[in-house]
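Working notes, beginning with the structure itself.
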Amino acid sequence: MKALQFAVLITAGIFIAQMANAQFSLTGEFRPRTEFNHGYKSLAYEDQDWSTITTQRSRLNFIFKNEILRTKLVLQDVRYWGSQPQLVTNEDFATSIHEAWAEVFFAPVFSLQAGRQELNYDDHRIFGNVGWAQQARSHDIALLKYEKNFKIHFGIAHHENSNITNNLYDGPDAYKDLQFLWINKSWEKNSLSFLFLNNGVPVVENSNQVTKYSQTLGGRYSKGFEKWSLATNLYWQTGKHSNGKEISALNFLVEASLKNGFLGGYEYLSGNLYDKTDKVYAFTPFYGTNHKFNGFMDYFYVGNHINSVGLNDVYLKYNWSKKQFGISADLHYFSSAGKIAEDAENYLGTELDLTFSYKIHELVSISAGWSTMFAGESMELLKGGDYKTGNHWAYIMLAVTPAFIK
């Protein structure tokens, strides 16, 4: 009965969309991925066995738009293969909502977009959807948007528990209050962005909950030339850390890319020092797509390495594609930005990432990758494990994206 009701609603929605001279689409995504791990995110121990897991993301994407309205609903199921009984009753395995938002246009250049939604800005360093992760990231937030000769986005979020009789928040998210302002201007082969983020984290002090605010401000500039392009980021963090200390942190990135597929760059994320604890000097990239930046083995800033010694990342990347085929090779040289210990070296390791992709069909692709970390001795101080042991990670992934209704 529920399946029949669902089909009736979809049919009615399509009919209404056609009558209203609107556009409606229903697409899907099926993305199983098998990963092989011996030293992923942290150094392996000498006698540690390889692990193998398979995860899968399945989505239904409903999109409706007309002259004054855009809406998006993304239903998502993320699972480990084998985590659900074969004879499932579905009580604890319900599909979740990844996105559910509506954008209302008060004028052609001015709109309000509110609901559960992804945030993607610039190169995704501070705000990104983390599309590599099967669950990805989305926010409960309202966006005021102005887009004409330049773009202005103002976002505001406030989180509470379901108990409306108090103002306490002990929920699962990383912030209680958040506001940000993003301004972007693009012209010819240039793009300049400014970002201001005010991030409020709930902390209990003297049996009372207070909100500690930190501020991130900076931006990104990119410029294209005839045969190459240049991009740079600069972000500064200040305000209060959740531990009560003042924050003084910096993130800097510069990279140059050639039309032949080569890209070289350097990124600096400031870190804490073992002998200087008066402030928090560690930069936090907050809600970015961190898997994209500092190596695919996710040793840094992917649910880890926060409030630590920071990072220097010198990297060289190469991408090649022809017809359905694609190959990429990334090389990273890592060292700590802050001093780990009195006698410890700053060198952490060198990582090599190799990726292969093949587009079987417009709606079907397969990709595979292999990565290895040649760790330095100081990596043991941060991650444990054995730096002399071979640390590897590999994956193979199938992506199918059908368009059911378009």
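The values are calculated or read from the model by the stated rules, or taken from the named source; none is laboratory data. If you're wondering where the values come from, they're calculated on a predicted model, not measured in any experiment. Reconstructed Cβ throughout: ideal geometry from the backbone, glycine too, with neighbour counts over all protein chains shown. These area figures cover heavy atoms from the full protein model, side chains too; ligands, DNA and RNA do not enter into them. Shrake-Rupley method; radii C 1.70, N 1.55, O 1.52, S 1.80 Å.
Between Asp170 and Ile183, 0.36 nm times their residue separation minus their Cα-Cα distance comes to what?
Numbers: separation 13, 0.36 × 13 = 4.68 nm, distance 3.19 nm.
Result for the pair: 1.5 nm of gain on full extension.
Accessible area of the range 201-243 with a 1.4 Å probe: how many percent of it is carbon plus sulfur?
Reported share for carbon and sulfur atoms: 55 percent.
Rounded, prolate or oblate: which fits the range 19-164, taking a ≥ b ≥ c as square roots of the Cα gyration tensor eigenvalues, rounded meaning a/c under 1.5, else prolate when a/b beats b/c?
Here the range 19-164 falls in the prolate category.
Expressed as a rounded percentage, what relative contact order does the range 295-345 have, with Cα pairs under 8 Å and six or more residues apart?
On the way: 50 pairs, mean separation 18.8, N = 51.
Over the range 295-345, the number comes to 37 percent.
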Q: For Lys383, list the lysines whose Cα falls under 19 Å from its own Cα; do not include residues on the same chain fewer than 8 positions away.
A: Lys41, Lys339
Q: Rounded to the nearest 10 degrees, what's the angle between the helix 2-19 long axis and the longest principal axis of the chain, both from Cα atoms, 0 to 90?
A: 80 degrees
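Compute, for the chain, the length of the dipole vector about the Cα centre, with Cβ point charges of +1 (Lys, Arg) and -1 (Asp, Glu) only. Units Debye, rounded to 20. Before the final figure, lay out each step's value.
Working: 37 positive and 40 negative charges, 348 e Å.
Once rounded to the nearest 20, the dipole reads 1680 debye.
Shape of the range 47-94 from its Cα gyration tensor (a ≥ b ≥ c, root eigenvalues): rounded if a/c is under 1.5, otherwise prolate when a/b > b/c, or oblate?
Working: a/c = 5.51, a/b = 2.11, b/c = 2.60.
Oblate is the answer for the range 47-94, as a/c is 1.5 or above yet b/c matches or exceeds a/b.
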Q. Distance from the Cα centre of the range 350-380 to that of the range 168-213, in angstrom?
A. 32 Å
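For the ranges 366-375, 119-128, what's the packing order if you count other beta-carbon atoms within 10 Å of each residue, average per peptide, and put the highest first? Working shown, then result.
Details: 366-375: 19.0, 119-128: 21.2.
By packing density, highest mean first, the sequence is 119-128, 366-375.
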Q. Once fully extended, how much extra length lies between Tyr213 and Ala142, figured as 0.36 nm per residue of separation less the alpha-carbon to alpha-carbon distance?
A. 23.6 nm
Q) Given R₀ = 41 Å, FRET efficiency for Glu342-Glu35 by Cβ-Cβ distance, to 0.05? A) 0.65
**Q.** With every protein chain in place, the range 298-392: carbon and sulfur % of accessible area (1.4 Å)
**A.** 57 percent
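Give, rounded to the nearest 20 debye, the magnitude of the charge dipole that the range 266-406 has about its Cα centre when Lys and Arg contribute +1 at Cβ and Asp and Glu contribute -1 at Cβ. Each step should come with its number before you reach the end.
On the way: 11 positive and 15 negative charges, 172 e Å.
Here the range 266-406 has a charge dipole of around 820 debye.
Does the range 249-337 classify as rounded, prolate or oblate by the C-alpha gyration tensor (a ≥ b ≥ c root eigenvalues; a/c under 1.5 gives rounded; else a/b over b/c gives prolate, otherwise oblate)?
Verdict is prolate for the range 249-337.
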Q: Using label points projected 7 Å from each Cα along Cα→Cβ, tell me how many nm separate Phe325 and Ser191, to one decimal.
A: 3.0 nm
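Given a 1.4 Å probe, how much area per residue of the chain is accessible, in Å²?
Values: 21740 Å² over 406 residues.
For the chain, the per-residue accessible area is 54 Å².
Sort 220-228, 137-145, 251-259 for me by packing, meaning the mean count of neighbouring Cβ atoms within 10 Å per residue, highest on top.
With the highest mean Cβ count within 10 Å placed first, the list reads 137-145, 251-259, 220-228.
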Q: Take the Cβ-Cβ distance between Ser51 and Gln84 as r, set R0 to 25 Å, and report the resulting FRET efficiency rounded to the nearest 0.05.
A: 0.80
Q: Using +1 at the Cβ of each Lys and Arg and -1 at the Cβ of each Asp and Glu in the range 157-232, identify which of Gln215, Ala174, His159 lies farthest towards the dipole's positive end.
A: Gln215
Q: Can you tell me the order of 179-190, 265-276, 344-355 when each peptide is scored by its average per-residue count of other Cβ atoms within 10 angstrom, highest first?
A: 344-355, 265-276, 179-190
Q) Got a sec? Charge dipole of the chain, +1 on Cβ for Lys and Arg, -1 for Asp and Glu; which of Ser186, Ser138, Val254 is way out at the positive end? A) Ser186
Q) To the nearest Å, what is the center-to-center distance of the range 26-80 and the range 249-301, using C-alpha atoms only? A) 24 Å
